[in-house]
1. Closer than 27 Å to HIS335 by Cα and either of a type outside the set (A, V, I, L, M, F, W, C) or touching a strand residue (DSSP E or B) at 6+ places or on another chain (Cβ under 6 Å) (or both), is that true of LYS243?
2. From the list GLY116, GLY131, which one is at pLDDT below 80, over 30 Å from VAL208 (Cβ atoms) and out of contact with any Gly (no Cβ under 8 Å at 6 or more places or on another chain)?
3. Take the residues of region 307-332 that are part of a loop (DSSP other than H, G, I, E, B) and on the phi < 0 side of the Ramachandran plot: which is surrounded by the most Cβ atoms within 10 Å (Cβ to Cβ)?
4. With the structure loaded, tell me whether ASP272 is in contact (Cβ under 8 Å) with a residue 24 or more places away in the chain and touching a Pro at 6+ places or on another chain (Cβ under 8 Å) or whether it fails that test.
5. Suppose we filter region 172-192 for residues that are among the aliphatic types (A, V, I, L, M) and farther than 12 Å from ILE307 by Cβ; how many remain?
6. Quick one: how many residues across region 241-264 are of a type outside the set (A, V, I, L, M, F, W, C) and buried (at least 21 other Cβ atoms within 10 Å of the Cβ)?
7. Does any residue in region 107-128 that is within 23 Å of LEU151 (Cβ to Cβ) and not assigned by TED's automatic domain parsing to the domain that holds GLY298 come within less than 6 Å, Cβ to Cβ, of a residue that is among the hydroxyl-bearing types (Ser, Thr, Tyr) and modelled with pLDDT of 70 or more six or more places away or on a different chain, and which pairs are these?
8. So if I check each of VAL208, VAL220, VAL165, VAL185, which one is modelled with pLDDT under 90 and either surrounded by fewer than 19 Cβ atoms within 10 Å (Cβ to Cβ) or in contact with a helix residue (DSSP H, G or I) (Cβ under 8 Å, 6 or more places away or on another chain) (or both)?
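The values are calculated or read from the model by the stated rules, or taken from the named source; none is laboratory data. Fair warning: this is a prediction, and the values are worked out from it, not measured in the lab. Cβ coordinates were reconstructed from backbone atoms using ideal geometry, including for glycine residues, and neighbour counts include every protein chain displayed.
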Amino acid sequence: MLANSLVFTLTILLVLAVLDKTGVIHFLDKAVQYLYLGLTLWILVLLLLAILLVGKIRVLYKTILDNPFNENQGYETGSFNPLTNIIKSAQNNNNISKFELERLNTLERYRKEYIGNVSHELKTPIFNIQGYISSLLEGALEDEAVNRQFLEKAEKNVDRMTNIVMDLQTISRLEAGELELNMEVFQINELIEDVIETESENAAKSNVAFVFEPSRKFMVEADKFRIRQVLTNLLVNSIRYSKPGGGQTSIRIYDLDRTIRIEISDNGIGMDKKHLNRIFERFYRVDSSRSREKGGSGLGLAIVKHIIEAHGENIEVLSTPNVGTAFNFSLKKAHKDTNG
């Protein structure tokens, strides 16, 4: 804009001025001389303002660049023109903004999906309870053939709601990093045997047999309560997805020098490979009707993964349809066990 103004001014002066024989400029009249002086001053003022403006822009740009909250801190283009630096910095910020926007959109979809899943999981037991209570109030309460049965079914749905709420609370605290692990040294063999005994009645109802024959005893350093939760969820999962005629769930421990690897495998219905990448997601179900029928919250495996990762270890799954599924995870050995 400044260059255009300068060209325009010089053009006017050439039109209004003539050269004499000695090369001295003579203006056509006094008014033109005053106009010449005014335009000259105007150009000088513009130049001065431009210099001041460039200085201000440089200061502003440096202030923005040095801001500790600026993600482009230290970003330089090497250009003398500060406007070029600002434009390139803005473009870089725009790329970051696009990334942030995509991340926020992903979180929003995740939030909507999460709310939808929670609503769906809670809706079923709530409607069941409502149905049983309504039937009792409408006369079934006086019918001894069904009143106790309806109350027991209502209680079962209350337990299911309680489990869902407790699992939601657990996984929320795990994901937020608010759940502190209570690390202690304990014998993992005893804990496995204890969980097997606890779930044996549940397994017997589905004709599932537990097999655990360790070669030796192992001491580990972990949160005993949370590892119990992991083992319980994996054993219950093997029962839930057993074949109609029953089956077998085997628990094995492998010695890996400074860690142990626990494998829980079954010969149940298994799952297709496409499910393996999503099996640890919240509310993800390979067979939703089967899981809900057995009382699952859809959060068990997600909680298992978070607990193992909170210990700094990992969990893996292998599965083949109609053959079975194997989960395995690692735990750190206690120091005295590592030394023999």
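1. Numbers: closer than 27 Å to HIS335 by Cα: no; either of a type outside the set (A, V, I, L, M, F, W, C) or touching a strand residue (DSSP E or B) at 6+ places or on another chain (Cβ under 6 Å) (or both): yes.
It is false that LYS243 is closer than 27 Å to HIS335 by Cα and either of a type outside the set (A, V, I, L, M, F, W, C) or touching a strand residue (DSSP E or B) at 6+ places or on another chain (Cβ under 6 Å) (or both).
2. Working: GLY131 fails: at pLDDT below 80.
Result: GLY116 is the single residue among GLY116, GLY131 that is at pLDDT below 80, over 30 Å from VAL208 (Cβ atoms) and out of contact with any Gly (no Cβ under 8 Å at 6 or more places or on another chain).
3. Just the residues of region 307-332 that are part of a loop (DSSP other than H, G, I, E, B), to begin with: 311-314, 321-323.
Narrowing further to those that are on the phi < 0 side of the Ramachandran plot: 311, 313-314, 321, 323.
Values: HIS311: 20, GLU313: 15, ASN314: 11, PRO321: 12, VAL323: 13.
Here the residue is HIS311.
4. Numbers: in contact (Cβ under 8 Å) with a residue 24 or more places away in the chain: yes; touching a Pro at 6+ places or on another chain (Cβ under 8 Å): yes.
Criteria met by ASP272.
5. Restricting attention to region 172-192, the residues satisfying the condition of being among the aliphatic types (A, V, I, L, M) are 174, 176, 179, 181, 183, 185, 188, 191-192.
Filter once more, so that each one left must be farther than 12 Å from ILE307 by Cβ: 176, 183, 185, 188, 191-192.
Qualifying residue count, region 172-192: 6.
6. Residues that pass the stated criteria total 3.
7. Close Cβ pairs (under 6 Å, with a partner that is among the hydroxyl-bearing types (Ser, Thr, Tyr) and modelled with pLDDT of 70 or more) do not exist here.
8. On the way: VAL208 fails: modelled with pLDDT under 90; VAL220 fails: modelled with pLDDT under 90; VAL185 fails: modelled with pLDDT under 90.
Testing whether each residue is modelled with pLDDT under 90 and either surrounded by fewer than 19 Cβ atoms within 10 Å (Cβ to Cβ) or in contact with a helix residue (DSSP H, G or I) (Cβ under 8 Å, 6 or more places away or on another chain) (or both) leaves just VAL165.
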